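The values are calculated or read from the model by the stated rules, or taken from the named source; none is laboratory data. Note that the structure is a prediction, hence the values are computed from the model and not measured. A quick note on method: Cβ atoms are made from the backbone with ideal geometry, for glycine too, and the neighbour counts reach across all protein chains shown. Please note that ligands, DNA and RNA were not included when accessible areas were found on the heavy atoms of the full protein model with its side chains. Shrake-Rupley method; radii C 1.70, N 1.55, O 1.52, S 1.80 Å.
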Amino acid sequence: MQNVRPFIGRKCAFLLLLCIAALVPMLQAHAEEAASSEFGLTGDWGGQRTTLAEKGISFSLDLTSQVQGVLNGGNDESTRVLGSSEFLLDLDTDKLGLWPGGFLRVAAEGRFGRGVGAAAGNLSPVSNDALFPFDEDRTGDEVVALTELFYTQFFSPQVGAFGGLLNTSGGDDNEYSGNSRSNEHFMNLSFLFSAVEGRAVPNVTLGGGLILIPHEKVLGTLTYLESEESAGTNPFHSGSGSTLATEWTFKHELAGLPGRQVIGGIYAWDNEFFRLGEDPRVNLAGVVRGQGLPETDDTWSVYYNMNQALYVDPNDEERQWGVFLRLGYADDESNPIHWTVAGGLGGVGLIPSRPRDRFGVGIYHLEPSDEFPIPQLGIQGETGVEVFYNAQLLSWLQLTADLQYIDTGRRTTRLVSTVGDDAWVGALRARITF
């Protein structure tokens with residue numbers, strides 16, 4: 001009976017979401033007004049939201065729920081239900097009648113339920129929604145946190161400055177694969193950003209920087225960040241370590257089709273990073289003498305992503321699809337992940353009768369550092385494949401079907417006696433905007 005109950009629970013959870021998906025087309029015929037609203041399920045509030053937006057006040061609220069399970073293989077064939085919500089408030093000082101070029105953003109995020117975690121035997125998280133807000137003291141627990149409170153001021157169309165409580169999860173964005181904040185694209189984090197970045201860039205932290213737009217097709221940022229995570233905590237009580245990051249986006253056309261290149265670099269210092277590659281006999285002797293493990297105070301990484309359209313509907317520019325690629329490389333003496341690569345095909349409107357549905361198929365590889373103690377822990381390269389289809393059922397409702405296959409690079413070492421088999425991970429994800 002112990003094996004039967006989880007099996008029944010997994011099947012019932014998946015069947016429940018499938019039933020919801022089946023009922024939505026029936027509801028669609030009775031929801032034309034809500035479906036045509038750009039504001040979401042609650043509509044325009046009799047024109048009040050439009051009036052507020054015209055005066056410089058706009059806001060949004062969404063709710064995402066997913067059921068995800070290890071269908072076969074891995075370390076534990078378990079299924080979990082996870083949810084998240086995000087509230088955004090944007091103020092435009094020019095439209096408010098104050099001064100031109102000013103923008104204030106406030107955001108709060110919540111997470112409830114639990115993800116499958118490492119049940120698949122994975123290095124790369126199989127669900128980005130299970131990680132954020134990234135409160136280190138409440139991993140796997142319910143979290144509500146202020147995740148953005150920053151102000152941006154443009155001094156000219158080419159130069160601006162920003163500062164405050166920053167959320168970095170929207171960075172390293174890709175048109176077809178998404179970013180780690182998105183709930184419309186892939187679920188595996190390796191498709192949403194390069195894992196080498198996570199060593200020195202927290203999810204939420206204090207910081208500031210410059211926005212530079214030297215050309216209409218070129219945008220760059222130079223950002224200083226505190227290296228400590230501040231989600232769910234007082235950001236003024238951290239202050240350990242510093243990170244300098246820069247990211248540049250270049251738009252272009254190839255054979256008349258749009259494309260984009262993103263290049264970024266990160267350097268962190270004045271922090272405590274575990275130094276990889278030390279002689280294990282020295283490490284053990286240091287621990288015995290109470291000296292702790294060897295550390296280094298800096299680390300660095302670089303990353304790149306690109307997307308190139310292969311097709312654009314001449315009557316609807318939003319309906320397009322193409323290829324994407326991600327690369328990341330890091331200092332392997334302080335970063336457990338040495339390099340990453342991910343690529344594939346994605347876009348919107350693959351089926352003409354479904355012009356707002358999003359899809360994607362991709363493959364990724366993570367290569368960990370070969371410095372001690374990574375190989376001794378049985379950690380080696382991981383390769384994964386993911387395919388998803390995100391159906392825009394109503395203007396305010398999306399339903400995503402997702403399937404991942406993960407080659408966990410299983411092996412046996414003296415420190416790790418068993419590692420799970422290659423895993424199949426399935427999920428259904430529903431997103432409602434209000």
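Ignoring ligands, DNA and RNA, what accessible area per residue does segment 87-217 give at 1.4 Å, in Å²?
Normalised by residue count, the accessible surface of segment 87-217 is 41 Å².
Hey, could you get me the Stokes-Einstein D for segment 77-193, Kirkwood radius over alpha-carbon pairs, 20 °C and 1.002 mPa s, rounded to whole µm² s⁻¹? Can you show the working numbers first?
Details: Rh = 16.1 Å.
Calculated translational D: 133 µm²/s.
If you add up the charges near Ser177, with Lys and Arg at +1 and Asp and Glu at -1, over every other residue whose beta carbon is less than 13 angstrom from its beta carbon, what do you get? Write out the running numbers ahead of the final one.
Numbers: positive: Arg181, Arg260, Arg326, Arg358; negative: Asp172, Asp173, Glu175, Glu184, Glu386.
With Lys, Arg at +1 and Asp, Glu at -1, the net is -1.
Which aspartates and glutamates have a Cα less than 18 Å from the Cα of Lys251, not counting those fewer than 8 places away in the same chain?
By straight Cα distance, Lys251 reaches Asp172, Asp173, Glu175, Glu216, Glu317, Glu318.
Go through segment 88-94 residue by residue and turn each phi into a ³J(HN,Hα) via Karplus (6.51, -1.76, 1.60, θ = phi - 60°); whole Hz please, and just put x for glycine and proline.
Running phi through 6.51 cos²θ - 1.76 cosθ + 1.60 with θ = phi - 60° gives 10, 10, 10, 10, 10, 5, 5 Hz.
Sorted by packing (mean other beta-carbon atoms within 10 Å per residue), highest first, where do 376-382, 71-77, 124-130, 192-198 land?
Values: 376-382: 16.7, 71-77: 18.9, 124-130: 23.3, 192-198: 25.9.
So the order, starting with the most tightly packed, is 192-198, 124-130, 71-77, 376-382.
Quick one: with all protein chains in place, what share of the accessible area of segment 115-229 is carbon or sulfur, to the nearest percent (1.4 Å probe)?
Details: 2530 of 4280 Å².
The value for segment 115-229 is 59 percent carbon and sulfur by accessible area.
Taking a quarter of the surface of the Cα convex hull of segment 295-434, what do you get in nm²? All intermediate terms of the calculation are to be shown ahead of the outcome.
On the way: hull surface 46.2 nm².
Convex hull of Cα atoms, orientation-averaged projection: 11.6 nm².
Over the Cα atoms, compute the radius of gyration (one decimal) and Dmax (the largest Cα-Cα distance, rounded to a whole number) for segment 328-408, in Å.
17.6, 54
Just the number, please: Stokes-Einstein D of segment 49-104 in µm²/s, Kirkwood Rh from C-alpha pairs, 25 °C, 0.890 mPa s.
Reported coefficient: 169 µm²/s.
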